[in-house]
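Peer 1: Take this structure, written in structure tokens, and hold onto it; I'll ask about it next.
The values are calculated or read from the model by the stated rules, or taken from the named source; none is laboratory data. What you are looking at is a predicted structure, and each value in this text was computed from that prediction instead of being measured. Glycine gets a Cβ as well: all are built from the backbone with ideal geometry, and neighbour counts include every protein chain shown.
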Amino acid sequence: MTLVAFVLSVIIGTASLAYGYSQAGMTDPARWFILLGIVWILSHWRKVYWVSSFAFFLAILGAAYGVWNDLPTIWMLLGALGGLLGWDLSDFARRLSYAAPTDDVQGLERRHLARVSVVAALGFGLAWLSTVIQINRLAFEVAVGLVLLAALGLARLVVRLRKY
Amino acid sequence: MSRSLLLGLITYGLLLAGVAIKRGELIALAIPCVVYLFAGFLFSPDEINLEATRHLSAERTSPNADVVVTVTITNRGARLDEVLLDDVLPSDLTLRSGHTRHLIRLPKDSSFNFAYTIAGPRGGYGFESVRAEVNDPLGITSRTVQIEAKGQLFIFPSLTRLRHVAIRPRRTRVYAGTIPARVGGTGTEFFGVREYHQGDSPRAINWRVSAHQQDVLYSNEFQQERVADVGIILDGRLRTNEFARGHSLFEFSVQAVAALTDALLTQGNRVGLLVYAAFLRWTLPGYGKIQREKILFSLAHARPGGSEVFADFQHLPTRLFPSESQIVLVSPLHEDDLMPLVYLRAQGYQVLVVSPNPVKFELSYLPKNKNVELAGRMIHMERALLLQKVQRAGIQVLDWDVAEPFDRVVKRKLSRPPAWLRAVGR
């Protein structure tokens, strides 16, 4: 289950980046992203788990570079999200490899996939909303105030939620 | 690099880049990472309160016998979504079945049991703790704790039952036993003839001797049988026990000591043990089953070792053994050991040397060719000469080819004292 989800995440992530780059006529980087996906899956198959962190970093770097070059944001966002999921599932698969055959591996997988799906959906939704909703005029002082307020709110939220 | 650090760096990198080049899309890229980090920290367990208990199916066992270890982990704290338990086995123990590592979810106030089977060679093994790595559901935070779960396993050397070991120390103790005490009295072994005393049983009258005299009767006198002090010395020196390609005679020596200890204690003697290796390990003399346990415990921990001080028997602490008592030395013997043994004998100890034969042992695994055969013959002659010298000093020697079971050798050679020792009587 985890393996299928991992492969799908990597394919979605790297294919999105490749598609986004190819749409802008940048075919060479697109090929590199496809190659990155293949290498990532192969290294996971060979249990070389450190490659996953490196590939995730490259996927984020590729998405950031694409955004900077005005490539379609949706594909770059999907690329970054796919990279994040691939990185998470690769590490989860590594942790699962320590489990004994008698352990409830399927239960662990089911719960983890459910949680990570919710997190991914929430992250993607918020990110997409942030690109859709645009405020044209916002004074710098107001922006700083909002950031501080957000940080304070987040901190309080975390503290409060952890009590329960 | 930890996962939270990597993700934090990437997130801050995207945010800073977004602010620097004034591109909101870059900040949008960071949002999934922020949500991921937030979820990870939110669901990370704030307190870890795990308890563990360990139960072993046997705390004393024999080499390579199966022992089932059952470990119970109880979560007294908050719910833990992902716990990796790892019960690290002491070295030398091997896992026969089951698993020592488990990845589990542990709700609050719940328990998890796991069992596995181990086996190992002679030794004393201590279990200290179970390692628990607690992760949050997304693996962002990870904490490792050691949960105390103590346990001990003693693997004693295998015990060969010996029917009887005949020893004749010069001095015995006052309690009745099976060792001829060189004192006339009630017993089973003939000691001599003396003049009839009032109260002697008529069955004790030696009619043949009495017939030679007029008006005087003679009675047979028997030798009293008592218990004796026995000091067993186990030679654990590397120079005598270790051979090429990792072969060792030490395990055979340990087996012999265990068997002799059991036999001598069963006879009612007071037995002490000195392990002479890298350092001295002395088990005070005692009687009975408790003493057998103590000696087996000491044997379980005995390891061959080398040191400059104890390289030969010059520093053998003879004061540990009561004067004129029986000393049993279990050693493959080295040519330098002759003089210390002669000195030991000269001090009045009755010495029995049980010597696992190193020449035959080494030849058993060396390739069979002319050179090896010739070398073997030469070394064998040297050893025979050494044993002869030892015997001439009045020391009883049991040359043991370890290919033959120890009990058979003992039955053949130690079930009664040798003729020369009985004749000499000292």
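Peer 1: Among the candidates B:ARG208, B:ARG239, which residue alone is touching a residue at least 12 places away in the same chain (Cβ under 8 Å) and of a type in the set (Lys, Arg)?
Peer 2: None of the other options fit; the residue is B:ARG239.
Peer 1: For the range B:152-171, what are the residues that are surrounded by fewer than 17 Cβ atoms within 10 Å (Cβ to Cβ) and modelled with pLDDT of 90 or more?
Peer 2: Within the range B:152-171, just B:GLN152 meets the criteria.
Peer 1: A follow-up question, please. Taking the options B:LEU89, B:LEU16, name whichever one is surrounded by fewer than 17 Cβ atoms within 10 Å (Cβ to Cβ), out of contact with any strand residue (DSSP E or B) (no Cβ under 7 Å at 6 or more places or on another chain), at negative phi and not acidic (Asp, Glu).
Peer 2: B:LEU16
Peer 1: Among the residues of the range B:123-163, which ones are among the acidic types (Asp, Glu) and more than 29 Å from the chain's Cα centre (by Cα)?
Peer 2: Result: B:GLU133, B:ASP136.
Peer 1: Here is a follow-up. Within the range B:79-94, is even one residue touching a Gly at 6+ places or on another chain (Cβ under 6 Å) and within 14 Å of chain A (Cβ to nearest Cβ)?
Peer 2: Among the residues of the range B:79-94, not one is touching a Gly at 6+ places or on another chain (Cβ under 6 Å) and within 14 Å of chain A (Cβ to nearest Cβ), which makes the answer no.
Peer 1: I'd like to know if the range B:384-400 contains one or more residues that are among the acidic types (Asp, Glu), at pLDDT 90 or above, within 15 Å of B:SER331 (Cβ to Cβ) and not in a helix (DSSP H, G or I).
Peer 2: Yes: one or more hits.
Peer 1: Among the residues of the range B:316-372, count how many are more than 24 Å from B:LEU265 (Cβ to Cβ), among the aromatic types (Phe, Trp, Tyr) and over 23 Å from the mean Cα position of the chain (by Cα).
Peer 2: Result for the range B:316-372: 2.
Peer 1: Residue check: is A:ALA143 more than 7 Å from chain B (Cβ to nearest Cβ), out of contact with any strand residue (DSSP E or B) (no Cβ under 7 Å at 6 or more places or on another chain) and surrounded by 14 or more Cβ atoms within 10 Å (Cβ to Cβ)?
Peer 2: In short, no.
Peer 1: Hey, can you tell me all the residues within the range B:89-143 that are of a type in the set (Gly, Ala, Ser) and either farther than 30 Å from B:ALA39 by Cβ or at pLDDT below 90 (or both)?
Peer 2: Of everything in the range B:89-143, those that are of a type in the set (Gly, Ala, Ser) and either farther than 30 Å from B:ALA39 by Cβ or at pLDDT below 90 (or both) turn out to be B:SER91, B:SER97, B:GLY98, B:ALA115, B:ALA119, B:GLY120, B:GLY123, B:GLY124, B:GLY126, B:SER129, B:GLY139, B:SER142.
Peer 1: Next question, about the same structure. When the range B:284-337 is examined, which residues are found to be among the aliphatic types (A, V, I, L, M), in a loop (DSSP other than H, G, I, E, B) and in contact with a strand residue (DSSP E or B) (Cβ under 8 Å, 6 or more places away or on another chain)?
Peer 2: Hits for the range B:284-337 are B:ALA302, B:ALA311, B:LEU316, B:LEU333.
Peer 1: Something else: Keeping to the range B:19-42, report how many residues are within 8 Å of chain A (Cβ to nearest Cβ), surrounded by 17 or more Cβ atoms within 10 Å (Cβ to Cβ) and within 60 Å of the chain's Cα centre (by Cα).
Peer 2: Qualifying residue count for the region: 6.
Peer 1: Are any residues in the range B:293-328 under 19 Å from B:LEU238 (Cα atoms) and free of Cβ contacts under 8 Å to residues at least 24 places away in the same chain, and if so, which ones?
Peer 2: Within the range B:293-328, B:GLU308, B:VAL309, B:HIS315 meet the criteria.
Peer 1: Among the numbered criteria (1) more than 19 Å from B:LEU14 (Cα to Cα); (2) within 10 Å of chain B (Cβ to nearest Cβ), which one does A:GLY125 miss?
Peer 2: (1)
Peer 1: Could I ask something else about it? Since A:ASP103 meets every condition but one in (1) assigned to a helix (DSSP H, G or I); (2) charged (D, E, K, R); (3) in contact with a His (Cβ under 9 Å, 6 or more places away or on another chain), which condition does it not meet?
Peer 2: The single condition A:ASP103 does not satisfy is (1).
Yes/no per residue for (1) of a type in the set (Asp, Glu); (2) in contact with a Phe, Trp or Tyr (Cβ under 8 Å, 6 or more places away or on another chain); (3) in contact (Cβ under 8 Å) with a residue 40 or more places away in the chain; (4) not in a helix (DSSP H, G or I):
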residue	(1), (2), (3), (4)
A:PHE56	no, yes, no, no
A:GLY62	no, yes, yes, no
A:VAL67	no, no, no, no
A:LEU71	no, yes, yes, yes
A:ILE74	no, yes, yes, no
A:LEU77	no, yes, yes, no
A:ALA80	no, no, yes, no
A:ARG95	no, no, no, no
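Peer 1: Any chance you could count how many residues in the range B:77-88 are outside any strand (DSSP E or B) and modelled with pLDDT of 90 or more?
Peer 2: 1
Peer 1: Next up: Pick from the range A:49-90 the residues that are of a type in the set (Ser, Thr, Tyr) and within 8 Å of another protein chain (Cβ to nearest Cβ): which of them is surrounded by the most Cβ atoms within 10 Å (Cβ to Cβ)?
Peer 2: In this case the residue turns out to be A:THR73.
Peer 1: Further question on the same structure: Regarding A:ILE133, is this residue within 15 Å of the chain's Cα centre (by Cα), over 30 Å from B:LEU106 (Cβ atoms) and more than 9 Å from every other protein chain (Cβ to nearest Cβ)?
Peer 2: no
Peer 1: Those residues that are touching a Leu at 6+ places or on another chain (Cβ under 7 Å) and farther than 16 Å from A:PRO101 by Cβ, I need them from the range B:83-118; list them, please.
Peer 2: Selection gives B:VAL83, B:LEU89, B:ARG105, B:LEU106, B:ILE118.
Peer 1: If you don't mind, another one. Restricted to the range A:20-48, and to residues that are of a type in the set (S, T, N, Q) and surrounded by 15 or more Cβ atoms within 10 Å (Cβ to Cβ), which residue is farthest from the other protein chains (Cβ to nearest Cβ)?
Peer 2: Across the range A:20-48, the extreme among qualifying residues is A:SER22.
Peer 1: Has the range A:91-114 got at least one residue that is more than 9 Å from chain B (Cβ to nearest Cβ), more than 18 Å from the chain's Cα centre (by Cα) and crowded, with 18+ Cβ neighbours inside 10 Å?
Peer 2: Yes, because at least one residue in the range A:91-114 is more than 9 Å from chain B (Cβ to nearest Cβ), more than 18 Å from the chain's Cα centre (by Cα) and crowded, with 18+ Cβ neighbours inside 10 Å.
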